[in-house]
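These notes concern the structure reproduced below.
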Amino acid sequence: MFSDGYQQNDGYDELLQADGVPRAHSRRFVSRLRSISDEEIQRRQRTAEASLFNLGITFTVYGHEQGTEKIWPFDLVPRIVEAKEWNRIRKGLEQRVRALNYFIDDIYNEQKIIKDGVVPEDLIRTAKTYRQQLQGFHPPQGVWCHISGVDLVRHSDGTVYVLEDNCRCPSGVSYVLENRELMKRTFSQVFEGMSVLPVEDYPERLLDTLLSCASTKTEHPTAVLLTPGVYNSAYFEHTFLAQQMGVELVQGPDLIVEGDFVYKCTTHGLQRVDVIYRRIDDDFLDPQVFREDSVLGVPGIMDVYRKGNVTLANAPGSGIADDKAIYAYVPEIIRYYMSEDAILSNVPTYVCSKPEDCDYVLSHLDELVVKPTNESGGYGILMGPTASQAERDECAAAIRDNPRNYIAQPMLQLSTVPTMVQGELCPRHVDLRPFVLCGKDIFVMPGGLTRVALREGSMVVNSSQGGGSKDTWVLRFEERDSCRRRIFRLCPIRFNPPKKKVIRQCLVEWRIRFSSADILNALKM
Amino acid sequence: MADSVFISRHIERAENVARFLDVNSSLTMGDGSSLQDQWSPLVFTTGDQSFFDEKYGVANRSNVIQFLAFDQEYDNSIISCVSRARENARTVREVFPVAIWEQLNKFYLMVVAAEKEKDSLTELSEFCDRIKLASSTIIGLIYSTMSHGEPWHFARMGRLLERADKTSRIVDVQYFLLLPRPQDIGSTLDVVRWSALLRSASALEMYRREHGRIMPSRVAEFLLLSRDFPRSAHHCLIAIQDSLLRITGTERGTFQLRSEQLIGRLRSEFDYTSINDIISKGMHQFIDHLQTQLNEIGAAVHDDFFTNPQARTASQQQSQ
């Protein structure tokens, strides 16, 4: 079942230890997997692929001639994250998103962090994603980045690093939900005895987050999802989320600004819109303010926005936190606003706008990964160690020409997860994009999108460049612990362990929720 | 003609059972906790707890699937429903277009084959998908290839009586299990389970479009009182009355038959009931009343049209 690739695997595998023995948290899964025949697994894999075709779960690759829709390959073997580790990641993500939100708010208002010399002013001023027009603005409820996707990778040293923050329109969450559904439908055998946190409530949480940030004081705010249209690469996700939340999917021309409000056109006339989950870039949002040639946006919408009569999620200008040069400062940003150390590590980053970093990068191009500060989707990246001399020279020239536009990082050895390749499980590199919702509270979806580079040895997981995806399982805390915690929470006595009688009383009321085995376990403690 | 009531009623029942199984299986997957607690509500929903307890004892996954899908001794299992629908259809083959009979027969053979293969336990969702698809195909064929005359209206009544009953059962059983307890006020709603409740009536997407966020009273309102949603009890009652009056030709608001009286009364009760009335009077009592009435309507239809010769003549005269 496991290929030879696993015998000489010197990297970090999420499921197996270096000696090929399953890690403690994946032991149960691997033994289940081993109990299923190879043929059966392959048959399930084919069924899953057929389902993807039937469901039309596709994405668009720009520049592809024949047929713009592509199936995004799905692999049956999930990435499994242990409960304790996830808890740490979750806290780290909450901290990071909270800090970034403070940061964006500060940048567009008092700029204390610049005045205190933590982040150089120059970096902000020259960021392509900085929006002068928002200076002095306070978004409803103080939230800028309602939805963020934070890319995480694990290096061969076992440490989980944040690779980048996505505070504009991070996509991929629909695949998380679909992958889980697909797993349940086609590979139910592997779930037996496993205890995995559900992801299915995400659309509800998203809707909740959006509505909780409604600017106007209406009792029943209306939200819509604004898409650039059917040719966008993430159009499937737009339709999916709109359907799951039960909100209208609209395009620019469906919305109009009249007086001080935004309205959508309906068969019964105009209906006011309070929250817009926009999946189009700042640049195209409002031709009167940003790009004049945009036909995707809504003329005048920024005016309404600045008056506080509509909520845009994410807020225009949030992209400043995505800039990869700003990324290098995030640990300090966290320390500055939260007075605590970052829980999740940053990848060591050379910011080419610093002369000493730039010199280092230029002389070590063959060991580093160079990234443009303001691109996404894996475009424009130079993998120093594998690039040709000509490519490196070209990159060096580009860096000299505009150092602000580049950062560099050491080449990471991404962790692997067993992946089905021609009937065998081979180690393939993965990353992880958890999704974080920030409204009145912060919510981190358990797990996230695991992307996998299907080519042997490749570290490029982007869907546009031959990546696939996997289901991500965050395991629950062992039943004993979680049951005890839940029961204790219900008991009136807070600090002393409750007497058995009290527990019993609670249990009578809660017997529907807990099985007798849970109850016995709890009483034993 | 009685058979067309039963055919569509049994098909509808088989489909609902498949949907319950599918949703419950997906909900319990990865749950890791004791399976017994997760599968027993499904047995409650059937209302045939005692039969199950006696024959199976433990409500685990495989027992409940065997019971609800393949138990030929249990009247309401998928296999019993489909085979009875087929038996009914055999006796009235002349009423239906060939395509419907063919589809029904295929449906039956598929379920029998699935029972033999026993793969259905591991590939439950595939099996349930096939049941749902087969049922939809039959409903679609009946709708689009059969004249909308008396047999058609009887078939529709049979289907919707069953549907109203099943939807209300879902609300009855699940609502109280999921409602936050008084001491738990302020904690977040178990959205995953509430969504599953809606999904088991195929109502999730339509509910979202109507109400957005999940709120317990709205969910109950949607499943019981929506006029537009085709699986809500109210929608079913409206259509049942419509079909009945088309058959008898009686004017709305009046009645000549017991069945007309009962459906008219129940429907107008639903027309003028709000969810707050239901909650303050007691959800369970309300649903209990609904189910008793549905049973009485079913019996009255039978009496009025298929057993009492006088009533049969009366209806024939009216339809001429």
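Once Lys and Arg get +1 and Asp and Glu get -1 on their Cβ, which of A:PHE2, B:LEU42, B:ALA114 lies farthest toward the positive end of the dipole of the protein assembly as shown?
B:LEU42
Using a simple charge model, +1 on the beta-carbon of Lys and Arg, -1 on the beta-carbon of Asp and Glu, nothing else, what dipole does the stretch A:111-234 show about its Cα centre, in debye to the nearest 20?
Here the size comes out at about 400 debye.
Within a Cβ distance under 9 Å of A:GLN243, other residues only, what is the Lys/Arg minus Asp/Glu net charge?
+1
Average partner chain C-beta neighbours within 10 Å, per residue of B:211-220?
Mean shielding count: 2.
So what is the calculated 222 nm ellipticity per residue for chain A, using -39500 (n - 2.57) for each DSSP H run with n of 4 or more, over all residues, to the nearest 500 deg cm²/dmol?
When only DSSP H runs of four or more count, the value is -9500 deg cm²/dmol.
Out of the DSSP beta bridges found with both residues in the protein assembly as shown, what percent are antiparallel (nearest 5)?
Expressed as a percentage, antiparallel bridges in the protein assembly as shown total about 70.
Report the calculated FRET efficiency for A:GLU292 and A:GLU391 (r = Cβ-Cβ distance, R0 = 51 Å), to the nearest 0.05.
0.90
Taking the Cα centre of chain A as origin, work out the dipole magnitude from +1 charges on Lys and Arg Cβ and -1 charges on Asp and Glu Cβ, in debye rounded to 20.
Charge dipole of chain A: 2840 debye, to the nearest 20.
Over all alpha-carbon pairs of the stretch A:50-192, lay out the pair-distance distribution in 10 Å bins, whole %, shortest bin first.
Distribution as computed: 8, 26, 29, 23, 12, 2 percent.
Within a 10 angstrom radius of each residue's Cβ in A:173-184, how many Cβ atoms of other chains show up on average? Whole number is fine.
What the average comes to for A:173-184 is 1.
Among residues other than A:MET302 whose Cβ falls under 14 Å from its Cβ, what is the net charge (Lys/Arg +1, Asp/Glu -1)?
Here the charged neighbours net out to -2.
Between B:SER136 and A:GLU332, how many nm apart are label points set 7 Å from Cα along the C-beta direction?
Using points 7 Å along Cα→Cβ, the separation is 5.8 nm.
Could you work out the per residue convex hull volume over the alpha carbons of the stretch B:93-176, in cubic angstrom?
Per residue, the Cα convex hull of the stretch B:93-176 comes to 109 Å³.
For B:LYS55 and B:VAL98, FRET efficiency with R0 = 41 Å and r from the beta-carbon atoms, rounded to 0.05?
0.60
Please report the Cα spread of the stretch A:324-442 along all three principal axes, rounded to whole Å, starting with the longest.
So the three principal-axis extents are 50, 44, 21 Å.
Normalised by the number of residues in chain A, what is the relative contact order in percent for Cα pairs under 8 Å and 6+ residues apart?
The value is 22 percent.
Let me check I've understood the local charge: for B:ILE278, count other residues with C-beta under 13 angstrom from its C-beta, Lys and Arg +1, Asp and Glu -1. What total comes out?
-3
Which pairs break 20 Å Cα to Cα here: A:LYS184/A:LYS470; A:LYS128/A:LYS324; A:LYS115/A:LYS307?
In this structure, A:LYS115/A:LYS307 lie more than 20 Å apart at Cα.
Could you pull out every residue, at least 5 positions away or on a different chain, whose amide H is within less than 5 Å of the one on A:SER469? Hs are placed 1.01 Å off N in the peptide plane, and Pro or chain starts have none.
So A:SER469 has HN proximity to A:PHE74, A:ASP75, A:VAL452.
Given H placed 1.01 Å from N in the peptide plane, which residues other than close sequence neighbours of A:THR311 have an amide H under 5 Å from its amide H?
Here the answer is A:SER215, A:VAL275, A:ILE276, since their amide H atoms fall under 5 Å of that of A:THR311.
Report the semi-axes of the equivalent ellipsoid for chain B in whole Å, largest first, where each axis is √(5λ) for an eigenvalue λ of the Cα gyration tensor.
32, 26, 16
Among B:MET215, B:SER135, A:ALA223, which residue has its Cα furthest toward the positive end of the charge dipole of the protein assembly as shown, with +1 on Lys/Arg Cβ and -1 on Asp/Glu Cβ?
Toward the positive end, the furthest listed residue is B:MET215.
Treating only the Cβ atoms of Lys and Arg (+1) and Asp and Glu (-1) as charged, compute the dipole magnitude of chain B about its Cα centre; round to the nearest 20 debye.
Here the size comes out at about 560 debye.
So for each of A:272-282, A:289-299 I average, over its residues, the number of other beta carbons within 10 Å; can you give me the resulting order with the highest mean first?
Ranked from most to least packed, the peptides come out as A:272-282, A:289-299.
Choose one of A:ILE399, A:PRO446, A:HIS364: the residue whose Cα lies farthest towards the positive end of the charge dipole of the stretch A:352-464 (beta-carbon charges +1 Lys, Arg; -1 Asp, Glu; about the Cα centre).
Result: A:PRO446, furthest along the dipole toward the positive end.
Give the calculated FRET efficiency between A:GLN132 and A:SER156 to the nearest 0.05, with a Förster radius of 35 Å applied to their Cβ-Cβ distance.
0.25
Report, in deg cm²/dmol and to the nearest 500, the calculated mean residue ellipticity at 222 nm for chain B, where each DSSP H run with n ≥ 4 adds -39500 (n - 2.57) and the sum is divided by the residue count.
It lands at -23500 deg cm²/dmol.
One-quarter of the Cα convex hull surface for chain A, in nm²?
Its average projected convex-hull area is 28.4 nm².
Any chance you could run the full-extension gain for A:PHE53 through A:GLU219? It's 0.36 nm times the residue separation minus the Cα-Cα distance, nm to one decimal.
My answer for the length gained is 55.6 nm.
Express the relative contact order of chain B as a whole percentage, based on alpha carbon pairs under 8 Å and six or more residues apart in sequence.
Worked out over chain B, it gives 20 percent.
For the stretch B:1-76 and the stretch A:149-185, what is the separation of their Cα centres, given in Å?
37 Å
Take the alpha-carbon centre of the stretch B:144-178, take the same for the stretch A:394-444, and report the distance between them in whole Å.
51 Å
With each label point set 7 Å from Cα along the Cα-Cβ vector, what nm distance links A:GLU424 and A:ALA24?
In this crude label model, A:GLU424 to A:ALA24 measures out at 3.2 nm.
Across peptide B:14-26, what mean number of C-beta atoms from other chains lies inside 10 Å of a residue's C-beta?
1
What residue among B:ASN60, B:ASN88, B:ASN24 has the largest mean-square fluctuation in a Gaussian network model of chain B, using Cα springs under 10 Å?
Evaluated over chain B, the most mobile residue of the options is B:ASN60.
Only the coordinates and a few stated rules stand behind these numbers; no lab work does. Here the structure is a predicted model, which means the values were calculated and not measured. Cβ coordinates were reconstructed from backbone atoms using ideal geometry, including for glycine residues, and neighbour counts include every protein chain displayed.
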